[in-house]
Each structure stands twice: as C-alpha cells, then as structure tokens.
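S.K.: Here it is, the structure, as structure tokens.
Just so it is clear, none of the values below were taken in a lab; they were calculated from the coordinates. Since this is a predicted model, take the numbers as computed values, not measurements. As a convention, Cβ positions derive from the backbone with ideal geometry for all residues, glycine included, and neighbour counts pool all protein chains shown.
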Ligand SMILES: Nc1ncnc2c1ncn2[C@@H]1O[C@H](COP(=O)(O)OS(=O)(=O)O)[C@@H](OP(=O)(O)O)[C@H]1O
C-alpha cells in the first residue's frame, strides 16, 4: 500500500467529533494489544545474565513454585513457604554461634543446582528421629554429587498431606537420571498415618532412621523447646506423671518419641525391614565417615563421601565438613545443632533409662542391631 493510500485511510477530517473519538479509542486498544504482544515476545528472548540468575536463584529456593502455589491458593500460608522458612544448612566456622536455623536464606549447600532434569518424588527419605542427627546426615549426603535434597523439611506426610502429591513433587529439586531425590522430615517416624500415606505413593522408597539414645534425645528435645519457651517447667516435672511413684508421662512427646520399637511396629505394617536403614546418631558424631559409608551403600551410591570430607571442630565439639557442596570454606551445622543441654538430676535420667530399657531391647531385636544405649 502506498503512502497516499495510508494517508487516505488515516484522513479522519470529514468525520464528526463523536466518530473521531471512537476511532481514537479503537486505536488505543489496538496499540495496547500490540504492546502486550511485543512484551510477551521479549520474555521469550534470551535475557541478560543477571535476570536469568534471579530466576535461577528463585528456582533453587523453590520461590517461583511457591509464588505460583500462592497465586493458586492465596490462603495457603502454611504451604511449603512456611516450611521453607525453616531453611537450615550450615554456619561458617567463624559464625558458629550466630546462625539461625529459622531464617530464610540462600541455602549455602546448593551451588551447582541446575535447570536440567525433572522433579521426582524422593527415592529415599530420612523419616526420623527428631533430634537424632537428621540434619547432619542430610547435609553430609548433600555433598554427594548423586544426591539432591530439599533443604527444608516438607512435612508432607504429616502436616500438608491435603495439599496433594503435585504440591509435594514441586518442592523437590530437579534431578538427573543418575541422581536420587531426598528429603528429611523427622516427625514422619512418629506419625501414625505416615507409613500408609507413603506406601500409597511408593512402596519402593528407602527409609532412613537416625536413632539416638532415647534419654539424651529426650533431653535434646526438651532443650530445643526450652530455647523457644524460656518459661517451660523443668525436665523432671514434665517427665513424671507422678514423681513419688516415678510413673513416666508417656504422653509427653519428648518421652513418647523415644519409644522407637512402638513407632517402628507401625511402619513395619507397610514396609519390610529391608527398606530401612538405621543410622546411629552417636556414631554419626564419633565416626561420620564410617556411618556415611553404610548410608551410601544402602542408597546404592558410590562411596564418595569419606573421611577426607570431615574434620572435628573443637569449638563446636562436633564433626564439620571441610568443603560442603558449593563452598570452599569449612562449615559446621548451625547453632541449634549441638547445643549445650541443661543439667538434669542423675536420678531422673536413671529412671528414664530404666523406663526405656525394655523398649530398647525390643528395638535391637527388631532391627538386628544393638545400639549400645544400655
Ligand atoms: N556434625 C554435627 N553437628 C552438630 N550436631 C550434630 C552433628 N551430628 C549430630 N548432631 C546432633 O544432631 C542433633 C540435632 O538432631 P536433628 O538434626 O535431627 O534435629 S531436628 O530434629 O532436625 O531438630 C544435635 O542435638 P543437640 O546436641 O541436642 O543439639 C546434635 O547432637
């Protein structure tokens, strides 16, 4: 079409003011439409590196998925968002006492996360036990190149089951064919519905339970609650239902969680013993490389995490990683891991030890493993 023809088309001089207005409005609509089309096109163009990095970091943190989730259901404030805020990870050696496990911060351990691969349900889950050393185990595993894990505790099979399987799968990091997806939520071990729910998803999932002397575990659990509620009654008063008879209060979760045989019974209704690996929380501290060897064998992984990855940090009093994934600096777990425990009267501890003994024996028998707590 020549210029004169265009001029004729756009020559509105003979139109009345009202018609001019409607043509004008139509033009605005057309231009707005064209603008949106063009900006959509821009989105599909290669973006500057910094822009891609933001998306990349958000992806790593699951923020995009989280945002999408919130758009779908803005009321889901208790969605992984709140869980993700429990992002743990490591504190650097020089900030051992300053870390906060509950802050949302980029997970130090994710560096070479990528956009390749796909999100799959976990092939292995650390299902327990609370205060057993589950964080240490997960972080040690994450240095293995064939393991990718969610940093936060998803709590799918206990708290967020109603959010649905897609919600759960979306929390997972992308993995390649050769890699395994993992998560850890220690409360699964003591959740009645968890084994049935997991079994309904997959009967092939490998289950790892980090167990620790139930007496020290109870004290560790109490210490954690005390740090959040300074006015908490004493350990002793919570332990006993009746202090004169020495009757233990098994309804107190710090005590109940340690009855491992009872919880395991519930899981064995769905999963055979061969699906479980019991990791000693004590050995994870005294011989992390040895315990990691067993874990890698169980997961069918090459033994790549070895003693050369660990060193004992005197200040922390625990083994730390020489080079966690994505960092060239040595790192220890955060300050909420390896906290000093309050002094508990030896009589109370002894009574608790007596209480647990038969359950421990049963547990050793069930697992075929003597953990040496008695
Ligand atoms: N390497 C290393 N560094 C620090 N802490 C270690 C380590 N290995 C095991 N532990 C023990 O882990 C205990 C916390 O257990 P969890 O991570 O399972 O706790 S939680 O259930 O996730 O809150 C924690 O319990 P407390 O000592 O009572 O704080 C530690 O004893």
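S.K.: Under the classification rounded if a/c is under 1.5, otherwise prolate if a/b is larger than b/c and oblate if not, where does segment 284-374 fall, given a ≥ b ≥ c as square roots of the Cα gyration tensor eigenvalues?
M.R.: oblate
S.K.: Sticking with this structure for a sec: Report the antiparallel proportion of the DSSP beta bridges in segment 86-367 as a percent, rounded to a multiple of 5.
M.R.: 45 percent
S.K.: Further question: Given the peptides 139-151, 254-266, 356-368, 338-350, arrange them by the average over their residues of other C-beta atoms within 10 Å, most packed first. Before the final figure, lay out the partial values.
M.R.: On the way: 139-151: 22.6, 254-266: 20.8, 356-368: 16.3, 338-350: 12.7.
Top of the packing list down: 139-151, 254-266, 356-368, 338-350.
S.K.: Would you mind computing, in nm to one decimal, how far apart the modelled labels at residue 234 and residue 362 are, each placed 7 Å from Cα along Cα→Cβ?
M.R.: 3.0 nm
S.K.: Assuming R0 = 56 Å, what is the FRET efficiency of residue 227 and residue 26, from their Cβ-Cβ distance, to the nearest 0.05?
M.R.: So, using R0 = 56 Å, E works out to roughly 0.25.
S.K.: Which residues in segment 118-157 place their backbone N less than 20 Å from a point set 7 Å from the Cα of residue 177 along the Cα-to-Cβ direction?
M.R.: Only 118-124, 145-148 fall inside the zone, counting backbone N under 20 Å.
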